[in-house]
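What follows is calculated from the coordinates using simple rules that are stated; it is not laboratory data. Predicted model, so just to flag it, every value in this text is computed and none were measured. Cβ atoms come from the backbone with ideal geometry, glycine included; neighbour counts cover every protein chain shown.
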Amino acid sequence: MVNGVLKQYQIKGLEWLVSLYNNNLNGILADEMGLGKTIQTIALITYLMEHKRINGPFLIIVPLSTLSNWAYEFDKWAPSVVKVSYKGSPAARRAFVPQLRSGKFNVLLTTYEYIIKDKHILAKIRWKYMIVDEGHRMKNHHCKLTQVLNTHYVAPRRLLLTGTPLQNKLPELWALLNFLLPTIFKSCSTFEQWFNAPFAMTGEKVDLNEEETILIIRRLHKVLRPFLLRRLKKEVEAQLPEKVEYVIKCDMSALQRVLYRHMQAKGVLLTDGSEKDKKGKGGTKTLMNTIMQLRKICNHPYMFQHIEESFSEHLGFTGGIVQGLDLYRASGKFELLDRILPKLRATNHKVLLFCQMTSLMTIMEDYFAYRGFKYLRLDGTTKAEDRGMLLKTFNEPGSEYFIFLLSTRAGGLGLNLQSADTVIIFDSDWNPHQDLQAQDRAHRIGQQNEVRVLRLCTVNSVEEKILAAAKYKLNVDQKVIQAGMFDQKSSSHERRAFLQAILEHEEQDESRHCSTGSGSASFAHTAPPPAGVNPDLEEPPLKEEDEVPDDETVNQMIARHEEEFDLFMRMDLDRRREEARNPKRKPRLMEEDELPSWIIKDDAEVERLTCEEEEEKMFGRGSRHRKEVDYSDSLTEKQWLKAIEEGTLEEIEEEVRQKKSSRKRKRDSDAGPSTPTTSTRSRDKDDESKKQKKRGRPPAEKLSPNPPNLTKKMKKIVDAVIKYKDSSSGRQLSEVFIQLPSRKELPEYYELIRKPVDFKKIKERIRSHKYRSLNDLEKDVMLLCQNAQTFNLEGSLIYEDSIVLQSVFTSVRQKIEKEEDSEGEESEEEEEGEEEGSESESRSVKVKIKLGRKEKAQDRLKGGRRRPSRGSRAKPVVSDDDSEEEQEE
C-alpha cells in the first residue's frame, strides 16, 4: 500500500482479517460507520498478494452509489492492483468479457444487481475471496442475492462489511452467519431456541431473571466472538467530536389535526366535493394503508394533491399550489424548521436534511425557494455520475449551499459530508439503523465540529410508535452487538458489567413508564444511561412527556455554546416584534377558524359521507370498464430473464417492436376500402354482422366451471386468511390488503408494482373460475404479500403483516388438504363396500338372465307360452351370497 499509513486500530483490523484467512474462517468486519472498513479490506487484498502470493481474483460486491468510491480508494492506496469496475450498459459489460476470461485482473468491483443479472458470466470464475460491502443486505436468508451467491458462485473465503450487523431481529444475524459459515450455522430455528429468549416480543416472551438473561446473552457473545470484529468511533478516535441527538416534539396545525382524526378513526380524507360535482358541500375519500397516510399528514397535509388544490383556491392562490408563509403554517414540522434554519444559517452551520418521501422533498424545495435558502437535492433518481459533483459542490470551502436535502435510503450510504455539522431527521425510518447511517454521513473521521442531530416527531401521533419500535430494535442491538465488545481487547469482567448496566437501565425505563401509566412512545428520561450505553433516540429531560418545547428549549438544543444561545434568543425576539408590527399577522400555525366549511365536520357527518361513498361504490354505476390493451413487450418471463442474462434485451425488444408495427400495417391494409368486385351478398353479410353487434361491454369470456368442492375450498381458505386477527391486539391483518388504492390515489405504487393484486380481485377470480387449482390461488396470494413487501419498508407494520398472512395461508391450506385426505380415505372405504355390492348385484342379474333364457327355451319346446298361476308373484332375485345366508337360516 502507498500514499498513506494505516491507523493503529486499522492495523489491528488487518491482523484479525489475516488470522481469519490463516484459520480457514469467514467473518464480519463490523466497525462502526466511518472507521475505514474499505481501507482495511484493500490492505487485506494487498497483503495476500504480497505475502501469500495470492493474486486473486477477488470479487467485491458493493452498492452502486459506492462503486466509484471503491475504485477511487484502490487508485489511491493500491494503484498496482488491476481492477475491473464491472458496470454500465450490456454492451459495456460485454466488453469486459475477454479480460475476465483471460484472468488478467486482480479485483472485480460490481453491484448486487449485476451479480444477479450477469451470473452466467461472473459465476464461471473461481473466486479466491468474495467480499460484500453493506453486508446487512444479506440479512434475509431467502432474498435473491443470497440465493444466487449460494447456488451459482464459488468462493472458499467470504467477508461481510457492515456497520450494522443486527438491524431488526436475531434471525437476521443468523442469516449473515449462515451465508459465511453454512456448515456451522445450519438451522435458524435452533439458533433462535438457543439465544432468542431475552429478545422475544410480548406474545412469545419467557420470564427470565437478570442472571439467566446475562447467561444467554453472554453465551451468544461467545459464539459470535471468533467471527465478528467491531470497534466504535468513540473508542478508537479520541479526537472525533461528539454526536448529540435530540428528539424535538412538534405540534400539529388545525388542518393536520382534522385530517389526522378522520384518517385515524375512519380511514378517510375529507374533500370539497368537487370530484362529485358537489363543490363546497364536502365529501370523503377512502384511502388504504392508513399508517402511511397518517405519516404523510404528520409531515405535511399538502402531500395529498386534492387537499392542496382545494386550499390553494380557498387561500386565493392560482395553479393549485400553495406558496409563501401558508406553506409552513399548514405543518408543525415546517413551522419548527422555519424557526431553526435561519439561526443555523446565521451561525454558519451546514445542514443535512433527511426525508423518507420524495414528494415531501418537492414541497420542501418550494419552502426553501420562498425563504431564499440555497440547497442541493439527492434522491434515488440522482444519477451515479452526478452524485460526486453534488458532494464536491457542497463540501468545498465557502460553498453557498448550506442545506443538503437527501432521501434517507439513497443518501444514507457511501457519502462523505463532513462539512455539515447538523443533521435533521425530518421523519424517522422504521429501521433505526437507516437513520444512524444517515447521521454518520456527517459524524465520521474528518469531522472537526460537534455534530448535532435533531429528530422531529409529531406529538401524539403514529410517529411516536415508530420511535418506540426503533428503540426496541436498538435495544436488541445494544445487548447482542454493543455489549459483546467485539474489539479484541475488552476483558470478560468489563463485558459482564457493561451488559448488567444495560439491563438495569432497561428496568428503570420500564418501571418509570409503568409508574406514569403512559402508553405513549416518548423517550424523555430522568436518569442518564450507564456509561458506554448508546444514547441514541434519548430525549433531553422534559417537564411532561408530550410537551412541545418552547423557543428557549429549542435554542438550548441547537446552540453549541453560550454566545450562540444568546444570538438565537435575540433572533426570536426580533421575529416576534416583526410579526407584531404586521396588522394582518396570522398565527404561526393554521387555526381552526381559518379552515373552509367542507373540512369542519363532526363525526356523525363524516360517518354519513363515508356511508354515501360506500353505497355509491356498491350500488352506483360501478367502475368504468376499460378495454384491455397489451402494453407488454410480448416476452414470457423466461424469455425476458434469458435476454437479461445474455445482455440482448435491447435487440429483442427492437425485434418485437418491428413485428408489432408490421402487424399493424397488415391490419390497416386489410381494413382498407372494399374493391368494386366485392359481391352484394358479402356486403350484406358484413352489414348484418355490423347490425348484430351491440354497444356496451364486450361479452366476458366464459370458462368452464370448477368442481364445486374446489371452489368451496378456495373460498374457505381465502375467508380464513381475510378473517385472521392478531392474538394480542385483535387487529384484522388483512384490512389494508382487501382493496388496493387507485392509480390516482397512489401512483407510485403502480410505478413500482408490475402485477398489482388484492383480495377483492382474488375473490372475483375464484367466482369466475380463473383458478384451476389451489396452486394457482397460492401464486396470487403470495404475489399479493410479495408486492406489499416490495413497496413497504422492511420492519413496517404492513411488511410484517404480509409475512404473517403468507404463513396463515400455508397453514390453512395444509389443514384443509389434510381434512380432505381423511375424508378421501373414508369415501374409499365406502366405495369398496359399494363395489362389493355392485359385484353381487351383477351376479344376481346374470342368474336372472340365465333363468329367463331357460324358461323361454322350455316354452318354445312346449309350443306355447306358459301362463303363470293366479296367485304366483315374481320373487326378487338374490345373489349367491344371499341365498347361502338363507340356506343357513
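Please work out the FRET efficiency for the pair ALA95 and ARG126, using the Cβ-Cβ distance as r and a Förster radius of 22 Å; give the result to the nearest 0.05.
The value I calculate is 0.50.
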Worksheet, complete the sentence: Full extension between LEU64 and ARG772 adds, at 0.36 nm per residue less the Cα distance, a length in nm of 250.6 nm
Practice prompt. At 7 Å along the Cα-to-beta-carbon direction for both THR183 and ASP726, put a label point, then send me their distance in nm to one decimal.
Written response: 4.3 nm
Discussion item. Charges on Cβ only, +1 for Lys and Arg, -1 for Asp and Glu, centred on the Cα centroid of segment 307-395; of LEU353, PHE334, GLY324, which one is farthest towards the dipole's positive end?
Written reply: LEU353
Worksheet entry | Cα gyration tensor shape for segment 1-152, rounded if a/c is under 1.5, else prolate or oblate | prolate
Fill in: Residue-wise HN-Hα coupling along segment 89-106, computed from phi with Karplus coefficients 6.51, -1.76, 1.60 (Hz; x: Gly, Pro)
6, x, 5, 5, 6, 5, 5, 7, 4, x, 5, 5, 5, 6, x, 8, 7, 9
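So for THR381, THR66, fewest C-beta neighbours within 10 Å to most, what's the order?
In increasing order of surrounding Cβ atoms, one gets THR381, THR66.
If the limit is 18 Å between Cα atoms, which of LYS333/LYS471; LYS715/LYS761; LYS119/LYS144; LYS755/LYS779 go over it? Could you put the intermediate results ahead of the total?
Numbers: LYS333/LYS471 22 Å; LYS715/LYS761 13 Å; LYS119/LYS144 12 Å; LYS755/LYS779 12 Å.
Over 18 Å apart, Cα to Cα: LYS333/LYS471.
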Fill in: Under 5 Å, built H, 5+ apart or other chain: amide partners of SER253
GLY332
Worksheet item: Using θ = phi - 60° and the Karplus form 6.51 cos²θ - 1.76 cosθ + 1.60, what ³J(HN,Hα) does each residue of segment 561-574 get, whole Hz, x for Gly and Pro?
Response: 8, 4, 5, 5, 4, 5, 4, 5, 5, 5, 5, 5, 5, 4
Discussion item. So the label point goes 7 Å from the Cα of LYS7 along Cα→C-beta, right? Which residues of segment 42-62 then have their backbone N under 20 Å from it?
Written reply: 42-45
Worksheet item: What nm distance separates the two modelled labels at GLU385 and SER742, each placed 7 Å from Cα along Cα→Cβ?
Response: 4.1 nm
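Which value, in debye to the nearest 20, gives the size of the charge dipole of segment 80-137 about its Cα centre, when Lys and Arg are +1 and Asp and Glu are -1 at the Cβ? Write out the running numbers ahead of the final one.
Values: 12 positive and 4 negative charges, 61 e Å.
Dipole about the Cα centre, nearest 20: 300 debye.
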